[in-house]
Amino acid sequence: MTNWVDACAADEIDQEDVVRFDHAGRTFAIYRSPDDEYFATDGLCTHEKIHLADGLVMDDIVECPKHNGRFSYKTGEARGAPVCINLKTYQVKVEGDRVMIGIGA
Amino acid sequence: MSGDTGIIIVGAGECGARAALSLRENGYRQAITLIGDEVHLPYERPPLSKQVLLDEAARPASIVLSDIMLAERAIRHVSGASASAIDTLGKQVILSNGRALSYDKLLLTTGATPRRLPNAPASSRILYLRTIDDALALRSHIRANMHVAVLGGGFIGLEVAASARSRGAKVTVIESQERILKRGVPEPIAETITALHRRNGVIVKCGVAVLGIEADERHVGISLSDGDKVSADVLIVGIGAQPRTELAVQAGIAVDNGIAVNERLETSAADIYAAGDCCSFPHPLYGGRRLRLEAWRNAQDQGILAAANLTGAARSYQAVPYFWSDQYDHTLQIAGLVDEGQLVVRRDLGDGAFILFHLDDEQRLVAASGVGPGNKIAKDIKLSEMLIAKRVIPPIEALAAEANLKSLLPRAA
């Protein structure tokens with residue numbers, strides 16, 4: 001069962017950018033694409049556990065701020081050294097002006 | 001995949017391991033042999049001066065290539081073995097045990113070795129930091145109330161100082177230049193880092209020469225030119241590194257501040273490439289200026305490019321030089337070559353974080369350097385790196401203000 005959690009205001013995230021959301025001891029990264037779609041992944045890089053919300057978003061890629069590992073934030077796919085483990089992704093929906101993420105039961 | 005012939009990589013650090021991985025990712029199907037003189041699996045070195053020293057319980061190091069990865073990719077890892085010679089005509093690498101391995105193509109990723117302190121007495125209390133074994137030896141001396149003396153105010157020395165101080169050790173940094181980070185780091189950033197260390201209780205002594213060192217198996221005494229004498233439990237020496245070129249020299253391969261390669265990472269010998277800390281290469285962004293970089297990112301990126309070229313890609317290496325250092329809660333990052341700049345524009349980001357943009361005489365962005373808590377400067381440095389790569393001449397007012405650097409970046413149509 002999907003547990004929908006209110007993560008942030010929709011306008012809190014700039015286009016082609018990312019913010020951090022912490023919930024229940026976990027950290028997530030929430031993205032807004034250049035065409036205003038929202039996405040969510042685990043918040044830490046799978047290489048050295050750096051917060052991806054400090055990273056740079058270009059098109060559909062987030063780049064880790066520390067060691068420049070790249071992921072597709074839409075699919076979680078690792079896209080270049082040094083990362084080789086994909087990010088977990090989460091469902092996202094926008095209700096009114098709020099971004100909700102589905103993080104499981 | 002039988003026999004020895006295929007690609008041999010001499011040096012099993014980040015660069016060599018990344019090259020081996022990339023060869024398989026590129027579809028290379030012949031034998032790959034990775035020769036390393038350490039007995040360990042290939043691991044990343046940046047944590048050695050940071051997490052490994054900070055945490056007694058820290059895993060020894062981040063492994064780049066595990067046993068499973070080696071097996072799955074049929075990469076043969078010859079560990080604890082050094083290459084003593086290359087027979088360029090017979091296309092063989094001779095190991096120190098006399099065994100000869102044949103290659104079709106050879107990649108040298110032999111790295112660098114810490115510069116030794118001349119005339120220092122032999123002592124288990126005088127240490128250098130390059131390998132995981134070095135780090136574990138040093139870690140045993142880093143505890144509350146121990147006195148760690150650091151010789152050299154470069155990245156390694158300062159990272160060790162921060163880690164040791166964070167664990168409660170008394171720390172003294174000794175630098176012969178008038179300031180720390182003299183090579184490649186702008187003065188305002190060095191001042192910030194100096195203040196950060198002093199705020200954390202480190203004694204930073206600049207402009208002092210070492211007149212003499214006495215050491216036994218329990219302590220080290222360092223006599224300085226200002227009349228001071230530092231008595232420490234351990235002395236860590238971080239006074240730079242030298243490229244490991246012995247193998248190339250023996251083989252008659254051209255050397256120029258490292259194994260000299262062209263923009264495709266080819267050495268002067270047929271079918272032999274070099275990459276990472278051990279090589280110097282011409283950089284097209286800086287007018288073909290020959291560089292040798294001791295940086296994790298360079299090792300990684302050149303390993304990947306060398307792998308591509310070993311399998312026929314013929315690509316030029318033109319990544320923007322990039323360095324980072326973590327000390328306490330602060331990160332320092334530099335993209336590009338600061339000394340290519342003529343004009344500096346400063347951008348403040350709050351919380352003491354700032355970035356310096358370095359422009360050449362055509363006002364082209366040639367470097368960006370910054371320091372601040374956490375990863376506050378990371379996005380702007382990354383964007384700067386992209387602007388440098390695209391040879392952008394940015395409006396100065398946009399650099400100084402808080403304009404989004406992304407808006408300055410030319411995008412593909």
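The values are calculated or read from the model by the stated rules, or taken from the named source; none is laboratory data. Model, not experiment: these values are computed from the prediction. Using ideal geometry, Cβ is built from the backbone for each residue, glycine included, and neighbour counts are taken over all protein chains shown. These area figures cover heavy atoms from the full protein model, side chains too; ligands, DNA and RNA do not enter into them. Shrake-Rupley method; radii C 1.70, N 1.55, O 1.52, S 1.80 Å.
Taking each residue of the range A:75-88 that is farther than 21 Å from B:Ala307 by Cβ and looking for partners that are of a type in the set (S, T, N, Q) and open to solvent by less than 20 Å² (accessible area, probe 1.4 Å) with beta-carbon atoms closer than 9 Å, six or more apart or interchain, yields A:Gly76/A:Thr41; A:Asn86/A:Ser72; A:Leu87/A:Thr41; A:Leu87/A:Ser72; A:Lys88/A:Thr41.
Across the range A:1-16, the number of residues qualifying as surrounded by fewer than 17 Cβ atoms within 10 Å (Cβ to Cβ), part of a loop (DSSP other than H, G, I, E, B) and in contact (Cβ under 8 Å) with a residue 24 or more places away in the chain comes to 3. Quick one: is B:Arg29 within 14 Å of chain A (Cβ to nearest Cβ), more than 27 Å from B:Ser96 (Cα to Cα) and modelled with pLDDT of 95 or more? Criteria not met by B:Arg29. Only one of the listed residues (B:Pro46, B:Pro42) is surrounded by 19 or more Cβ atoms within 10 Å (Cβ to Cβ) and without any contact (Cβ under 8 Å) to a residue 40 or more places away in the chain. That residue is B:Pro42.
Of all residues in the range B:263-279, those satisfying the criterion of being more than 15 Å from B:Ala307 (Cα to Cα) and either at pLDDT below 95 or in contact with a Pro (Cβ under 8 Å, 6 or more places away or on another chain) (or both) are B:Asp277, B:Cys278, B:Cys279. Note on the range B:329-413: enclosed strands (runs of 3 or more DSSP E) holding 2 or more residues that are in contact (Cβ under 8 Å) with a residue 60 or more places away in the chain and closer than 27 Å to B:Lys50 by Cβ are B:330-336, B:353-359, B:365-373. Among the residues of the range B:292-328, the ones that are away from chain A (no Cβ under 14 Å), under 18 Å from the mean Cα position of the chain (by Cα) and more than 30 Å from B:Leu53 (Cα to Cα) come to 2 in all. Set side by side, the residues B:Ser166, B:Ser176 differ, and just one is of a type in the set (S, T, N, Q), surrounded by 15 or more Cβ atoms within 10 Å (Cβ to Cβ), in contact (Cβ under 8 Å) with a residue 12 or more places away in the chain and more than 25 Å from B:Gln333 (Cβ to Cβ), which is B:Ser176.
Does the range B:49-64 hold any residues that are touching a residue at least 60 places away in the same chain (Cβ under 8 Å) and either open to solvent by 40 Å² or more (accessible area, probe 1.4 Å) or of a type in the set (S, T, N, Q) (or both), and which are they? Once the filter is applied, which keeps residues that are touching a residue at least 60 places away in the same chain (Cβ under 8 Å) and either open to solvent by 40 Å² or more (accessible area, probe 1.4 Å) or of a type in the set (S, T, N, Q) (or both), the range B:49-64 yields B:Ser49, B:Leu54, B:Glu56, B:Pro60. Here A:Asn68 passes the criteria (1) touching a strand residue (DSSP E or B) at 6+ places or on another chain (Cβ under 7 Å); (2) of a type outside the set (Gly, Ala, Ser); (3) buried (at least 17 other Cβ atoms within 10 Å of the Cβ) except the one numbered (1).
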